[in-house]
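Scroll down for the structure; my scribbles are underneath it.
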Amino acid sequence: MANNSEYSTVTLALDGGETCECAIVRIFPAGENTYIALLPLEGEAADNDEVYLYRYEEDPNGEPVLENIGSDEEYEIVSDAFDEELDAMEYEELYEAEDIEEENK
């Protein structure tokens, strides 16, 4: 993983030997597993604001390991949990903006 000034990124190895640089949106729990949401920074997926969801673990050395989500049912659970995470992120941003406005008065 690389660390950009605004966000952390990861480079995915895609089918066909291509790579895709993605911003890490959030690492979050859903059900019994942990997942990661990635936002592509280039290509068609970035133009369409697609988000990639993967099962997330760390190996014994602390390196991230991404696994494909195994079923439609699991994907549905993860997608719903990610929607809740987005709502929480929006709430946090609004709360922080209000705090900044209060400090500037």
Along each of its three principal axes, how wide is the spread of alpha-carbon positions in the stretch 2-103, in whole angstrom units, largest first? 51, 33, 30
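Relative contact order for the stretch 2-103: what is it in percent, counting Cα pairs under 8 Å that are at least 6 residues apart? Each step should come with its number before you reach the end.
Details: 127 pairs, mean separation 16.2, N = 102.
Worked out over the stretch 2-103, it gives 16 percent.
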What nm distance separates the two modelled labels at residue 73 and residue 94, each placed 7 Å from Cα along Cα→Cβ? 3.5
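Full-extension gain between residue 87 and residue 18, please, as 0.36 nm times their residue separation minus the C-alpha to C-alpha distance. Present the calculation step by step, with values, prior to reporting the outcome.
Working: separation 69, 0.36 × 69 = 24.84 nm, distance 3.23 nm.
Length gained between residue 87 and residue 18: 21.6 nm.
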Exposure proxy order (Cβ contacts within 10 Å, fewest to most) of 63, 32: 32, 63
Below 11 angstrom from the Cβ of residue 11, what's the summed charge of the other residues (Lys, Arg +1; Asp, Glu -1)? -3
For a label point 7 Å from the Cα of residue 33 along Cα→C-beta, name the residues of the stretch 56-90 whose backbone N is under 13 Å from it. 56-58, 65-79
Farthest toward the dipole's positive end in the stretch 2-103, which of 30, 13, 78, given Cβ charges of +1 (Lys, Arg) and -1 (Asp, Glu) about the Cα centre? 13
Under the Karplus relation with 6.51, -1.76 and 1.60 and θ = phi - 60°, whole-Hz ³J(HN,Hα) for the stretch 19-27, x at Gly and Pro, equal 10, 9, 7, 10, 7, 7, 7, 6, 10
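Every read-out reported here was derived from the displayed coordinates using simple, explicitly stated rules and does not represent laboratory data. Worth saying up front: this structure is predicted, and the values here are computed from it rather than measured. Cβ: placed from backbone, ideal geometry, glycine included. Neighbour counts: every protein chain shown.
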